[in-house]
Each structure stands twice: as structure tokens, then as C-alpha cells.
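One structure is given below, encoded as C-alpha cells.
The values are calculated or read from the model by the stated rules, or taken from the named source; none is laboratory data. Bear in mind that the values here come from a model prediction, so they are computed numbers and not experimental data. Because the Cβ atoms are built from the backbone with ideal geometry, glycine has one as well, and the counts that use them run over all protein chains shown. Each accessible area value is taken on the protein alone, full model and side chains, heavy atoms only, with ligands, DNA and RNA left out. Shrake-Rupley method; radii C 1.70, N 1.55, O 1.52, S 1.80 Å.
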Amino acid sequence: MRSCFNPRELSDFARYYGFHYDSLDPMALVKEVLVDMERGLAGLSSSLPMIPSYITPVSKVPPGKAVLALDAGGTNLRASRVHFDEDGKAVTQGTAKHSMPGTKGRVNAEQFFDHIAEAALPALDLNSATSNIEGIGFTFSYPMEIQSNADGILTSFSKEVDAPDVVGKAIGAGLREALARKGYTYDGPIVLLNDTVATLLSGLAAIPIHGSTEPSKNIYGVDGGPVIGFILGTGFNTAYPETSIPKIGFESKTAPQIVVCETGTFNLRYQGPLDRGFDQGTKNPGTYALEKATSGAYLGPLNLHILKQAVKDKVIRFKKSEEFLALTQIETKTLNEFCRTPLTGEGPLGSLFGPNEGDALAAIQYLISIVTERGALFAAAVLAALVERMQADCEPYAPVRIAVEGTTYVLYKGMRRALESWLHMMLVKERPRAYVITPVEQASLFGAAVAALR
């Protein structure tokens, strides 16, 4: 049972079910994102919440000052003493990883904060009972309501953490009290932030100022351009510096505030029947439309849903198609491994195709590439809208710097190349806009350190 690889038929299948990228108008999509951003900033009905962080990005990180950086995400908690050298590079000391409190059994609020304090103490100067650090930055990757003092009220935990008493409490205040119980007095700032803000702040320190190999040789004294924080991994989100947030009465041309867009929730108007059917089978139907089309949490299951329809419609035929239809789940990591090494005949997908079924194998890969290309286009449109929002037709020597973190962007086959290609097209179509896009490492920890010096 051998099918003939027919790209035209496969493309028509994608168009019929509404997931082909060539049915999209990229520039119209950019404008739609911009409209929802405006509405979210004004507090009007919008699919983009546009959450204020109450953090102002610093244009230059002061050298020498020591801070405590904490990063809580998933099941791990990291703590490190950090200072920045004369070139603005982060230097860590005594970085240690601990289990997240509540991941090995239920803990009450005092136990939860005491565990974090105990993790933090080795990174502090224990020869003194008072603070010798300039600030504490805490990347806390759980849902929070950020307060005007940059503390965060926990609204919920994921299932890995069993600490229900902590919900509704201020994380920074709880840590401060726990440090005091351990005999360490700290009266300085504790800044709570999510991982997207941390990525942005890390980019300020990690992405060099364009046009000068060393800051000391910048004879014009020009600061680097603004930084966008972009996460494309398990989830999808962006953050950027905003000068006007009407819903909280914030206006400042000289000291913008970082806004978390929550762009994974953007309400896509370009969804076909397979997208809608897939959405109904997720845990949160009707929400996170953009994230479901782009992020690592969903690309594997989404492709499986689409490919099953192709097999049912006999667009793709192979002997073990019934075994394929019986698959209940494909993780994005597994799908990516298959896409990178399709000829090995290994894994839950590769093992389904015989040596004489190369055309079917090619057809599978072809449809996956269409889904990847569309996801890249969606992500690029969001980034282009952010650059446009910042009116970034700025000097070419001070481009917008896009700091990226996430395995889907870095590792998923075809995603990075396609995204950067779409982004370039969108940002040069009307006039050239200056930008650079660069992955950053350990963004959550380094971003927390920058936040502590805000």
C-alpha cells in the first residue's frame, strides 16, 4: 500500500481544513495584535491582559553591586549571589539548586518560606546578621498578582507543589519574615517577577550594545536599544517596556514600565475545523488559542490530531495506518526527534513506516512543516507588533533587542529559521526596522539579579 508523495494534494488538504499559512495575511495579523494590545492597556475587553510588572528596565546595570537571585519554577529552586562586572556581565557565586518546597509532601506557609530562606542563606554573608546585598530578585514562575511595590500575591500553584496555605500570601513579605526567623535582617527591596520579565531583564545584560565591541569604546555614549522578552518553550509569552498604561494611570516617556502581554491568550481569528476540534480536547478549551498553535506543550498533540485526519481522508496511506490512528498521544519532544531523524525507522512514529513507504513518510513530514511554518508566522507577528508598538524605527546603531528563551525556539526543527524569516519580512515590508534577536541563557536567574537592582 504505497501512496505517491503529492505536495499539491497535501497543501490543498491543509487549505481545506484551514491551517495552511498561505491563507494568512501577516501584516493584517500584526495590526490585530496591536489593536488587542491597545485595548488591554486601556483596561477594555481584550484577549491580551497586558499585565503591569511595576518594574522599570535599567539601561545600564551598575557594576560591582551584589544581589541575591532566586528562581522558582517547576520542581526546582535555585539561589545565587550575583554581581555585574564593568562590562555589565553577570558573575555568579555559590549557585545552588534545591527542591521546591511542597514537591515532596504538603507544607504549611511557614515551612514553605523557611525552606526558601534556608536555600538563600548560603548565598548571603553569614558573618553578618544584617544585609550586605543591594536587593533580592525572585523569579517566581507561578500565577501571581504583582503589586505596586513589586511584591507578588500568589493566586495558585501547579499540581507539583502542595502548599495550599501559601495561596493568597505575598511571596516577598513571606521570605522577608522567614529570613528574620533565621536571624538575618533584611530591609531592602524584594522584587517578584515572572520568567518573561526575567528574560527581558537578562537580555539587557546579555545582549551587547550594537555597534561597539566594548562599552568603553562607545564614544557616542549611546545606550543599547530597548529589549523585548520572548519565551517560546513549553508556553508562549512576551514582555516589553511600555510608556503608557491608561488602566493604572501610568505615563512616563523616560522611565517605561515592563508589561507582560500574556500573548499565548491572543484570540486567533484564523482557526479551521481541525484547530477547533483539537481545542475542544484540551484541558482549557476556548482559551490560549495562540499558545496552542505555537508552543511546545501543544505542537506534538496538535500535529497528531491533524495527521490522523489526513490518514482518515486517505491523503496519507501506509500499512500500519491503523496503529497510527490508535496512538493517543505524541509529545512535542518525540515529534521533534522523529522530524530530525525520520530515516532511522525508530520511535513511536518512525517505526510505523517500512523501507518502501518513503512517500508516506515524506507526506507526514510535509504536513508537519506546514504547521511549524504557521506557528512561526503567528509568533513573528506578535514580535513585529511589539517592535511596532515601541515605534522602533530607531537609529540602526540602537536596535530593538529581542531576548529569547525556550526549547521550542532553539531546538524544534524549522521553528527558529521560519520565525526569523517571517519576522524579517514583516519588519522590512514598509521600511527597515532595526532589531536583533538572540537566545539568552539562565535568563530566569540573571533576570532576577537585574530586577533586584531596579
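Of all residues being small (G, A, S) and open to solvent by 10 Å² or more (accessible area, probe 1.4 Å) in region 399-421, which is farthest from Y435 (Cα to Cα)? Just the residue, please.
G414
This table checks each residue for (1) polar (S, T, N, Q); (2) open to solvent by less than 40 Å² (accessible area, probe 1.4 Å); (3) modelled with pLDDT under 90.
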position	(1), (2), (3)
L154	no, yes, no
K169	no, no, no
R176	no, no, no
K182	no, no, no
P189	no, no, no
V197	no, yes, no
A206	no, no, yes
P215	no, no, yes
G221	no, no, yes
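Taking the options A376, A403, name whichever one is among the small types (G, A, S) and more than 20 Å from L304 (Cα to Cα). Break it down into steps so the answer makes sense when it comes.
Numbers: A376 fails: more than 20 Å from L304 (Cα to Cα).
Just a single option satisfies the conditions, and that option is A403.
(1) open to solvent by less than 50 Å² (accessible area, probe 1.4 Å); (2) modelled with pLDDT under 90; (3) among the acidic types (D, E): which one isn't true of D114, the others all being true?
(2)
Every residue in region 263-287 that is within 20 Å of S46 (Cβ to Cβ) and either small (G, A, S) or not in a loop (DSSP other than H, G, I, E, B) (or both), please.
Across region 263-287, the qualifying residues are T263, G264, T265, D279, G286.
So which helices (runs of 4 or more DSSP H) are wholly in region 301-352 and hold at least 1 residues that are more than 19 Å from V371 (Cβ to Cβ), open to solvent by 40 Å² or more (accessible area, probe 1.4 Å) and among the acidic types (D, E)?
Where helices (runs of 4 or more DSSP H) fall fully within region 301-352 and carry at least 1 residues being more than 19 Å from V371 (Cβ to Cβ), open to solvent by 40 Å² or more (accessible area, probe 1.4 Å) and among the acidic types (D, E), they are 321-326.
Within the bounds of region 373-389, is there any residue that is more than 24 Å from V35 (Cβ to Cβ), open to solvent by 10 Å² or more (accessible area, probe 1.4 Å), touching a residue at least 12 places away in the same chain (Cβ under 8 Å) and not in a loop (DSSP other than H, G, I, E, B)? Don't jump to the end; show me each part of the working.
Restricting attention to region 373-389, the residues satisfying the condition of being more than 24 Å from V35 (Cβ to Cβ) are 373.
Still in the list and also open to solvent by 10 Å² or more (accessible area, probe 1.4 Å): 373.
Still in the running and touching a residue at least 12 places away in the same chain (Cβ under 8 Å): 373.
Narrowing further to those that are not in a loop (DSSP other than H, G, I, E, B): 373.
Yes.
Restrict the check to region 256-263 and report whether at least one residue is over 16 Å from the mean Cα position of the chain (by Cα) and open to solvent by less than 50 Å² (accessible area, probe 1.4 Å).
Checking region 256-263: at least one residue is over 16 Å from the mean Cα position of the chain (by Cα) and open to solvent by less than 50 Å² (accessible area, probe 1.4 Å).
Spot the failing condition for E395; the list is (1) under 20 Å from D223 (Cα atoms); (2) buried (at least 19 other Cβ atoms within 10 Å of the Cβ), and only one is missed.
(2)
Conditions (1) in contact (Cβ under 8 Å) with a residue 40 or more places away in the chain; (2) among the basic types (K, R); (3) under 23 Å from K31 (Cβ atoms), marked per residue:
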| position | (1), (2), (3) |
| --- | --- |
| N237 | yes, no, yes |
| Y240 | yes, no, yes |
| P246 | yes, no, yes |
| G249 | no, no, no |
| T254 | no, no, no |
| Q257 | yes, no, no |
| T263 | yes, no, yes |
| N267 | yes, no, yes |
| Y270 | yes, no, yes |
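Give region 264-278 a look and list any residue that's at pLDDT below 95 and open to solvent by 20 Å² or more (accessible area, probe 1.4 Å), or say none.
T265, N267, R269, Y270, Q271
In this structure, is A360 among the hydrophobic types (A, V, I, L, M, F, W, C), closer than 22 Å to G233 by Cα and crowded, with 20+ Cβ neighbours inside 10 Å?
On the way: among the hydrophobic types (A, V, I, L, M, F, W, C): yes; closer than 22 Å to G233 by Cα: no; crowded, with 20+ Cβ neighbours inside 10 Å: yes.
So A360 fails the test.
Does S53 count as touching an Asp or Glu at 6+ places or on another chain (Cβ under 7 Å), under 30 Å from L386 (Cα atoms) and of a type outside the set (V, I, T)?
Numbers: touching an Asp or Glu at 6+ places or on another chain (Cβ under 7 Å): no; under 30 Å from L386 (Cα atoms): yes; of a type outside the set (V, I, T): yes.
Spelling it out, it is not the case that S53 is touching an Asp or Glu at 6+ places or on another chain (Cβ under 7 Å), under 30 Å from L386 (Cα atoms) and of a type outside the set (V, I, T).
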